[in-house]
Each structure stands twice: as structure tokens, then as C-alpha cells.
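A.B. asks: Below are the C-alpha cells for one structure; questions will follow.
All of the numbers you see were taken from the coordinates with simple rules; none came from a lab. A quick note: this is a predicted structure, and the numbers were derived from the prediction, not measured. Note: ideal-geometry Cβ built from the backbone for every residue, glycine included; neighbour counts use all protein chains shown.
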């Protein structure tokens, strides 16, 4: 079949279609075949599983699964917005809507499914929607602007997602489910009850055991409500049908391919249609050899791989797939795996249920102790491990696997107990043995490296935590000893030093070094790595441990990097820049004038910063106190631009002026900046507040960013710009002012507690085991029981904040250090010189030709520095 | 500041080619923090003390950038030797020999220092 000129035509460019193209490319088939793709939607394949994340700020571009480069590089002819309308199997030709006719040697149908809309009266009225494509979402978003209430028909997986999205759009939301419980396919009665309680607590109304009888419309033909089977009427402005999907097999039917009784194109184990050896079907449109239509992406991917292998004449088959799923719906973990409903008969259930905290865990165990399957609601932490053990007898008793940590004997069943052929990543079918080999044979030492090497964890990400544990276990087993110590002076990590300082109330660096440093470093003078790190830890905890609260107090002064030491930013010629705080970027004209006057009087170079304030460059050390005396007089305070601490909280102008704004972003930015000013942290902290989803303040590129919604604030964390940009992750949504501040308090203090030295939140989030989910568990759900402590640490910081510059000006001893020369306090440093540029000054750069230099000639060779 | 009484009257002196030159009171020096002093010939020197009270003096000029900033660097101990790290690009210099620990081709001038 793989003759040089043959053509493969793919109908449908969804997730499975795209995976098929990737599989072709990996096998080199795009080089030997002409590949033509007909795509109905106006855009190429995107991540439909993450569709709902559009409402938390992901753009259609970010959801995209492919790019022009992939299509171009592999010579794929992709026609978007041009669906196939007819297949002539005699002539082996496909006709597209545009009239394009393409001949094929192999035809692959990946037409997916369509949303099932129950045949109720007025189902097509204005205000009725389905939830399937980006275009559906855009339409719902548009219509929701003039609505206050929304109802979702269907309480399954997609239905809950849709309801969450409506709530995110600020609507009062209802869920109507015909079955007696939510998510009837995945969970049982007990799990459904736990889920129901949690979802109702979020303010969604759930109506189970009732059907929709009729959509009620007003005089204008638009939806006003729905009549339910129990005779009641629910008033709503908008209805989203999410009552399941049906295979899109129309095209197949029309060209005479056999389809199943309840739909789906019938295929064999190679995913070849039973009617025509040249035609294949994959994904949600296919009725697999085991008689099922799979609505999950993982089996679809497996089918795509199978077809690519078959075309390459490799042996491969798809005989059925596991329906295990792990989801986060409305922030609630829901997972089911294996034989979740115990259909095998002769099996026993082990159930742990805690209605109060919305937990439900059930394991289905065979007579011989084999783990057959299970359901987890509220906490799916153990999913990765349990799923991998499915089909075998776990090495510990089943009940210990579902009991919460701390109850009885908590068992941490590590993934190292798993057999080598246990599947760790089911999306990409990666076995534990393969992951171990990545470490032992391919020398991978980190999760990103193993992901790249094995593809494990690259699709849904639910196995990444297990992946990390496996890698560490493997590294330890192979005797790789990694010195995780902070520097040559301390064998502890920054996090461990933080715990020591906090627990033992250590207020002196010297004491810490002499008692807890490495043997040969004790009694010494430390180094430039640990001094500022410990200085920062002591400063973060100062009010709590009883240390001096000023960074230049006593020994603290000797620990600070030069920026902190002079409370200004050192520039390349030895001069400093000065940045007063301008909270939220809001400044009155009088204060602007003061800044202008000071800059003019001292001949400083001024520049507007990216953080919405003004930087004044070119001040000499001895000028700093004089400049600050005038700034403090005018009501300014330190901007901490010099510190590893909160920099700025940017804001857009917000609701007050902007016609799109939905909240007062400026006020919130000022509140946040004033609350966290002066907070010393492992690295600098940047923040922003946007007054609406247009995100003009670029909050998603900040360590913590806040975006206004109609219902409150969404909090994003771990964003970064710079050399390694990272979009922030949504931590929580629709928070009130108080909830927002409490959550940021906890988040920042948890970061300060556990991050490495100079580790921004973005890197930290990717490094900590469990990543964002773990951080959310800790700061939102208080899984470690430390939130009270985190909050009180922050409260102590806020209560003890003083302006560092005002205090320095009041302290002659500290002021005495602000001189260029200890023996000539009034003499300016002659090396600091300036030349004019564009009406301002710039450093006089031929510095390297001034003064004494012992190794002039040798330095030529090191010019790359 | 943790000053001990008996040191307050002492001066820090540097040996120049012909004589000892007084730069400041010993009490001005804080272990781990340097000060800069101006020499009669217009060059600059960075003076340090460590926690044992030993004094060190090196050229204040950072040879990698030309800025006179070494007195503002953080000090430490590397394999038993005292050093200062430039506050600009963080190269470390041995306070006793002036040798750069991160580039063996670079060395700064050192001065003999005493308290008297």
C-alpha cells in the first residue's frame, strides 16, 4: 500500500486527526505519501479537552494543537473550513464543499461526534446552545452578556464543565440531569452524592432525576425558561444542551459503509472499516472491534497510532481501551478507573466516605484481592498509583489506600512498588520500565527531560506527579548522590534553612553558620550566596522570630547585596538608581512634579519603568540620603526596586474610567501593593491587576496576577515574562476581596517558605512535586494544615512594615555609611562620570582606561565577559 | 553595631610606598562590609575586616568593569581564604593575594593593613 505516489486523505482535523498526522510524520509516511486534510471548523485542530479553559483566559491560539510549521514541514495539504461532503468509493474520490475533488489510496475518517440534542419543543429557539467547539463558546459568551441565568441540560462530564463556564460568566447556573445522580457514567451513587454536595456549595443549583420536556420561549422567540418532567418550570435566559454525543457517521452512511445499530462506523482491530479495506475510521466516529464507541481522547489516540502503523505495514491493533478518567471539574477531583461499577460480579467494595469534606473513595476488589477498579471524588491524589495497580494484588491492604493521611496507618504506596509493565501514562501508553530506562539508559534526571524522552505526561498531565516520584526513586537507586545544599557553607536547601530559622528563632547569620553550617565552613565568614539568602529569610520572618525589622540593622547590614545595602540599584559605573513607590501606578500631578524637580536638581537620567513607575539614574552614594530626604518629605517611600521583594502591582485604569471594566482594578492594585510592600522573598515578586478579561495590565505574566470578573476576581500565579516567559496558572476564580487577599497571603508565604534561592514563582511551581495542584491543595484546601500559620506570618509582616528609607534618614549611624570615601566623606567618586545623550546623561563608558589596572594586557583575552 | 570598647580608639592604617597612611577609625569597620578610602595619589582602596578582626585592603577598582565598587561587595571564606565578590558581575577576589578566584589571569593590587 505504501507505493511512492499514493495519497492519504484525512477527513476531520480534531485532536485524533492531528494525532494521526503526527503518527504519520513520526513514521516518515508524510515524506512518502501525499497527505490531504479536509477540516470543517474554521481553524486547525485544538485541544477540545481543555475547551472550558477559554473562559479562564486561554485564547483559541493557546488551545491550538498544531502550527503552520508542522503542516508545512511535512508537506501536509490542510484545507480548513472546507468539509468533505461526499465520498465516491468506486472512483476513490472525496468531494469537499468548495468543489475540491481529491483522489485517495487510503481514506481515514476522523469526523468525531456531534452533540445530542433531545427532541424537545423549541430546542432550536434563540438562546439554545451546544457545547462542542470554540465557535459554540464564543456564541455562548456573547449571549451571556445579556443574560442573568443559564441552565445546562446534562449532568455528565461536559455538562458540569459547561455549568462551571456559565458560572464563570457571571450567570446563576442550573444543571438538569435525567439520571438520579451527577456524572452517572463515571461515579456511583455515593460518589454522585459527594459531588452533588460540593457543587451545590459552590452556588450551582442541581436538579437530578428530572427530564426536560419543553423549552419555553417568549413573544420574541427567545428562551425564557424550561418545563421539567416533574411539572415544575425553571426560568432561564439561556440553555446549553450537553446531553451526550453521537458519532458523526452521516458521510459514511451515504457512501455505503456499514455503521452500528446505534451509530458509529464499524471497524476491525486495525480500525479498517469492515466494508472497504481502503477506508479507516478513528476516534469518536468509529465503532471499535469490541463493539464500543469511545468518547475519550486516549483511545482515539491509540486508534490513530494503530492506523498509522497499519499503513506503514507494521503490526498493530486496537482491541479496546480502558475508560479510566481523572478530571478536575469546577475544582473538584473526579476519577474513575478499571471496573468502577463492579460489573464483574463476585467482587467487594472498600468505601471511604466523608460527606463533610466532600470526599468519596471506592475500590472494587476481586475475591482474590485483585484491585479491579475504583472511584475517587474530592481527592484523586492516589489515582496514578491505583490505576497502575489495577489488575494486580496491591502489596498493602486496600483500605489503607483510601483512608486519608493521618487516619489510622497512612500508607504512602510509592510507585516504586509497581511492576515494570504497569502503565504510568495511559494517554501515551508509557510503561514504568520505559520511564526507568529513560533515567538509567538515557541519563534523564528531571521530569521535563523524561517527558521529552518518553512522551509520558505530555497529554493530560495526570501522571506527572508519579513520574517525578519514579525518577527520584530511580536516581536514588542508581546511587546518584545530588548535593542539594545551598552552597559550600550549608548542606541544607533554602527551604530547610527557612524551617530552621523559623523553628529555632535564629536571628543571626553567624549563629546559623556556626551551628548548622557544613563542618569546614563553621567559624568562617560564609559566602556571597548564603549571606543574602539567610538575610532574606531572616527579613521575611523578622517580626515573628524577633529579629530587627530593618535590613540594615546590626549584622543584617553585612548580609545584604550591595543594592539592599544602599537601598538603591547599583548601575554599571558604580552609580545608583532611585525608584520611589508609586502604588498601582497611580500618581498625583504634585508628586510627579516633585520627582521631576529632584531629577532636574541632581541631574539624574529618568525613565518610565515597565512596572508603571519612574526610575532616576546616576545618583552617587552620598547623594542618596539627600535625594530621599526630599522624596520622603513629599510623601514617597521606598519602592524596593533594589530588593528581592515585592516590586510593583501594575494596574489598568479599571471600572472607574474604562467602559469595559467590571471592577476597580486600581484600588485593588494599590491595596495589594501596600499590603505586600517590603516583603522579602526568595526572588523579586511582580504583580498586576486587570479590570476585565481584556487583561490590559498583563496580569498573567506576573508572579501573582488578578483579573476582574463580573463575580469578583480570578487569581493567577506563576506567570513570568523575561527570557523564559510563562503564562500564569489559574489558582482560583470569582473570589471576593477578602478571599483574594487571604489566598495571596497564603500563596506568597508558602512560596517564601519552600522556594529555592533566586527561584521565581514560575520555576518553583514547575519544580515542586505535584506542581500547581499541590500548591492549590495547600493554599486553597489547607491540605497541610498550615494556612493559619501562613496567614499569621503575613499579618506580622503587614503589621511591622516601616518605610526603610524614612527609618534610615532618622538613624545617623546608618546614614554615615552613605559616603564614597570613609576618609573624605564630601568627595564624590571621580570614577562616576557622565556624558550627555538625547538631552539627558549616560555613564561615561571608557572606564576601563582609567586608573590602575594590574593585568591590562591579559584582560584583552577575556573580552567576552 | 557590635563594637568592643578597647578597639574604639584604634585607627586603620595602610602601608604605602613610603609610610603608613591612616584611613579611618577601626570602629567604622563592620565585619563583612568594606569601606572605600581615597589615597593621596587619587587611587582608591577597599578595606575590610572579618569576624576574627583581621584587616584586608585591596584596590577598590573592579578590573572587569572599571567601576570603583569592590568595597561594596559581599565577603566570605573560600577554602579557608577570605574573599570579596564584586557587586557588579560577582567575580571573587582573594583578599590576601588580590588573585581573582574566577579568572586566574586577573589580580588586583593589595595593601598591607594594620590597626594602630
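A.B. asks: Hey, for a label at residue A:205 modelled as a point 7 Å past Cα toward Cβ, could you say which residues of the range A:172-193 have their backbone N under 15 Å away?
C.D. replies: A:172-177
A.B. asks: Only residues of the range A:493-519 count here: report those whose backbone N is under 15 Å from the spot 7 Å along Cα→Cβ of residue A:758, or say none.
C.D. replies: The answer is A:494.
A.B. asks: What's the center-to-center distance, using Cα atoms, between the range A:798-841 and the range A:555-574 in Å?
C.D. replies: Cα centroid to Cα centroid, the span is 10 Å.
A.B. asks: Enter the Cα centre distance for the pair the range A:156-175 and the range A:338-406, rounded to the nearest angstrom.
C.D. replies: Going from one Cα centre to the other spans 29 Å.
A.B. asks: Going highest first, how would you order A:298-304, A:512-518 by mean Cβ packing within 10 Å?
C.D. replies: The most tightly packed comes first, giving A:298-304, A:512-518.
A.B. asks: Could you tell me the convex hull volume per residue, in Å³, taken over the Cα atoms of the range A:645-801?
C.D. replies: That works out to 97 Å³ per residue.
A.B. asks: Among A:748-760, A:824-836, B:40-52, what's the highest-first ranking by average C-beta atoms within 10 angstrom per residue?
C.D. replies: By packing density, highest mean first, the sequence is A:748-760, B:40-52, A:824-836.
A.B. asks: Averaged across the residues of A:828-838, what count of C-beta atoms belonging to other chains lies within 10 Å of each residue's C-beta?
C.D. replies: 2
A.B. asks: Right, here's the next one. Does the range A:179-260 come out rounded, prolate or oblate, given a ≥ b ≥ c as the square roots of the eigenvalues of its C-alpha gyration tensor, rounded meaning a/c under 1.5 and, failing that, prolate meaning a/b above b/c?
C.D. replies: Judged from the Cα gyration tensor, the range A:179-260 comes out oblate (a/c at least 1.5, b/c at or above a/b).
A.B. asks: Starting from 0.36 nm per residue, how many nanometres of slack lie between residue A:91 and residue A:813 once their C-alpha separation is accounted for?
C.D. replies: 250.5 nm
A.B. asks: Now, a different point. What is the distance, in nm, between label points placed 7 Å from the Cα along the Cα-to-Cβ direction at residue A:69 and at residue A:724?
C.D. replies: About 1.9 nm, to one decimal.
A.B. asks: In whole angstrom, note down how far apart the Cα centers of the range B:10-28 and the range B:59-116 are.
C.D. replies: 19 Å
A.B. asks: Could I ask something else about it? Compute the angle between helix A:737-754 and the longest alpha-carbon principal axis of chain A, please, reported from 0 to 90 degrees and rounded to the nearest 10.
C.D. replies: The answer is roughly 70 degrees.
A.B. asks: Taking the number of other C-beta atoms within 10 Å as the exposure measure, put A:576, A:54 in order starting with the fewest.
C.D. replies: A:54, A:576
A.B. asks: Specify the angular offset, from 0 to 90 degrees and rounded to the nearest 10, of the alpha carbon long axis of helix A:189-201 from the longest principal axis of the alpha carbons in chain A.
C.D. replies: 50 degrees
A.B. asks: Going 7 Å from the Cα of residue A:694 in the Cα-to-Cβ direction, what parts of the range A:121-143 have a backbone nitrogen less than 17 Å from that spot?
C.D. replies: A:142
A.B. asks: Relative contact order, percent, of the range A:645-801 when contacts are C-alpha pairs under 8 Å separated by at least 6 residues?
C.D. replies: About 18 percent, as a whole number.
A.B. asks: What is the log10 of I(q)/I(0) for the protein assembly as shown, computed with the Debye formula using one identical point scatterer on each Cα and no solvent, at q = 0.04 Å⁻¹?
C.D. replies: For the protein assembly as shown, the Cα-only Debye profile gives -0.26.
A.B. asks: Please state the relative contact order of the range A:117-243 as a whole percent: Cα pairs under 8 Å, 6+ residues apart?
C.D. replies: Across the range A:117-243, relative contact order equals 35 percent.
A.B. asks: Can you tell me, using C-alpha contacts under 8 Å and at least 6 residues apart, the relative contact order of chain A as a whole percent?
C.D. replies: 7 percent
A.B. asks: With runs of 4+ DSSP H residues as the only contributors, calculate the mean residue ellipticity of chain A at 222 nm using -39,500 (n - 2.57) per run, divided by the residue total and rounded to the nearest 500.
C.D. replies: One gets -8500 deg cm²/dmol as the mean residue ellipticity at 222 nm.
A.B. asks: Does the range A:472-584 classify as rounded, prolate or oblate by the C-alpha gyration tensor (a ≥ b ≥ c root eigenvalues; a/c under 1.5 gives rounded; else a/b over b/c gives prolate, otherwise oblate)?
C.D. replies: prolate
A.B. asks: Taking the 0 to 90 degree range and rounding to the nearest ten, how far is the long axis of helix A:157-168 tilted relative to the main principal axis of chain A, both from C-alpha atoms?
C.D. replies: Tilt relative to chain A: about 40 degrees.
A.B. asks: Averaged across A:552-563, how many Cβ atoms of other chains sit within 10 Å of each residue's Cβ atom?
C.D. replies: Taking all residues of A:552-563 together, the mean is 4.
A.B. asks: Starting with the highest mean, order A:163-172, A:215-224 by the number of other Cβ atoms within 10 Å, averaged over the residues of each peptide.
C.D. replies: Answer by packing, highest mean first, reads A:163-172, A:215-224.
A.B. asks: I've got another one for you. Does the range A:494-560 classify as rounded, prolate or oblate by the C-alpha gyration tensor (a ≥ b ≥ c root eigenvalues; a/c under 1.5 gives rounded; else a/b over b/c gives prolate, otherwise oblate)?
C.D. replies: Judged from the Cα gyration tensor, the range A:494-560 comes out oblate (a/c at least 1.5, b/c at or above a/b).
A.B. asks: Between residue A:348 and residue A:420, what is the label-point separation in nm under the 7 Å Cα-to-beta-carbon projection?
C.D. replies: 3.3 nm
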